[in-house]
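Just below is one structure, and these are the notes that go with it.
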Amino acid sequence: MALLMFGMKSMSDALQKMAGPQLRHVLSAMTTNRFTGVLTGMFVTAAVQSSTATTLMTVSFVNAGLLTLVQAISVIMGAHIGTTVTAWIMSLTDAFNVSNLIYPAFFVGIILIYMKKRRIIGDFLFGVAFLFLGLSTLKETGFSLVENPETNAMISSFFQNFNEANFWNSLLFLLMGTVLTLCVQSSAAIMAITMTLCSTGVLHIDQGIMLVLGENIGTTITSNIVAMSANTSARRAAFAHMSINVLGVLWVLLLLKPFFAMVCHIAGFDPDMSPTEDGFSLKASMVLATFHSAFNISNTLLLIWFVPYIERFVCWAIKPKKADEEEDFRLHFIASGIMKTPELSVLEAQKEIHSFGERIQRMFGMVRELVREKDESNFVKAFSRIEKYEGISDNMEIEIAKYLDEVSNAHLSDDTKAKIRAMLREISEIESIGDSCYNIARTLNRRIKGKEDFTEEQYEHMHQMMELVDQSLTQMNSILVGYREQNDVNRSFNIENEINNYRNQLKSQNINDVNDHKYTYAIGTMYMDIVSECEKLGDYVVNVVEARMRVRQREN
């Protein structure tokens, strides 16, 4: 089972490395309505061989506002159909002797891994080899259990206690499939075990299909556990994932006999067929794969018409948190989860960096409000809030950097490594923007404590400088969110030139004003500290933009 799970993970990771950016573009572009969303989810999941990867990617897009909840639900429905391809691959191992392909795949994979341009294909072949090795080993172990009189008698006697077709036995195997999938966190692995037990005759086919239904519920609980620490949109998408399959299991249980009879007819399987008959092993595996596909296809065709109602239900069930999350340090897109892949991790980090940029711009907005604050008690409250934001920015830099460092430990392509280096520079420069905001606030705090004030002309000049800085931050966040127009980049550099020129103008004017005794030297020093810090802030913004341009070059 460990070989099987490792093979599935390696194969999925390699496929996502080969087509990760393209898959993300497909997910964001091919979901214009619920039907194209289903097709998109189906083909993407079939391509990467992981419904979990598709679901996590979809949830990430919902968080970023690139997909609506309705679009996400349709993609998840399609992912349920796409994941059935895995069961068909497993069932075909009975029809073909895949053991002959295992070691050639290992051999070719090892050669390609050491070739720089073909390394990802080598990873994929390695995963395929481990997948087939796990399946063949699992199958051989299953037959060994059957052939051994003692183990056969023990296992058979256990399952025979639940052979009677009644509600409680069906519920037991449904729960068993759910719990096992939740523990192993791989529906493919439990599906392989179910097929092995049924094809060897140890497990009756009726019990096998209840395990399959339980696996469909168990695999959705995983995404809900991951989403527990995420924001409201992520939790709603994950809950919709579970609701769809739970509803599907409920209506299939009500129509189980006619539904199962239809599947047996399609697969050409006789439920009363003896395990000793020729072809039983293949037909038992085929009927489970057919049942899995028929269940997910039928459930999607039925529930796709009720997507708006499912959306209303999950919005009613998952309420937004009342607490003001903005005042607390909390990453929105990066969460400690399971079964993450480098492509998805880089995407989540990009969204988190954009959230970091927006938070820093809000911090700068607080500094702008602080400039004209004359009431000392209100000033102290506002200054404390800025201090808190400065601590949050430090923590965000550390946590995002730590996350990217963990991602970089994986087997990455050169492009992805370069993207991670550029993203590390982005978070360092954004944190420096936060430091500049705090430095401006400290300078204003010195003014309050010194019982001094700026002239109206100085206030006006600071307002104009800060307006330019705010425009540069707005442009930076537009670029971080993914706008691709070249004008955005040029606009950032143009604003930086305006800031530099204006700083030089104010610096010269300040010397003249101090000499003309329009204000004291002390207030002039504080005034120029604020202006100079704004100019530094503009430099950090340009550094962030340049780093993001490097990320885009790697994506293109």
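The values are calculated or read from the model by the stated rules, or taken from the named source; none is laboratory data. The structure presented is a predicted model; accordingly, all values stated were derived computationally and were not measured. Positions of Cβ are generated from backbone atoms using ideal geometry, with glycine treated the same way; all protein chains shown enter the neighbour counts. Side chains included, ligands, DNA and RNA excluded: accessible areas come from the protein's heavy atoms. Shrake-Rupley method; radii C 1.70, N 1.55, O 1.52, S 1.80 Å.
When the alpha carbon gyration tensor of segment 411-471 is reduced to an equivalent ellipsoid, the three semi-axes, largest first, read 39, 14, 4 Å.
Taking only the alpha carbons of segment 398-556, we obtain Rg and Dmax values of 19.1, 65 Å in that order. Rounded to 0.05, the FRET efficiency of the Lys449 and Phe493 pair, given R0 = 56 Å and the Cβ-Cβ distance, is 0.90. Return the FRET efficiency for the residue pair Asp435, Asn512: r is the Cβ-Cβ distance, R0 is 41 Å, and the value is rounded to the nearest 0.05. Computed FRET efficiency for Asp435 and Asn512 comes out at 0.85.
Sorting Lys319, Lys283 by solvent-accessible area of protein heavy atoms yields Lys319, Lys283, largest first, with a 1.4 Å probe.
Taking only protein heavy atoms and a 1.4 Å probe, the accessible area of segment 396-442 is 43% carbon and sulfur.
If you sort Arg359, Arg425 by accessible surface, 1.4 Å probe, largest first, the order is Arg425, Arg359. Solvent exposure of segment 500-552 amounts to 46 Å² per residue of accessible area, where only protein heavy atoms count and the probe is 1.4 Å. The convex hull defined by the C-alpha atoms of segment 195-309 has an orientation-averaged projected area of 7.9 nm².
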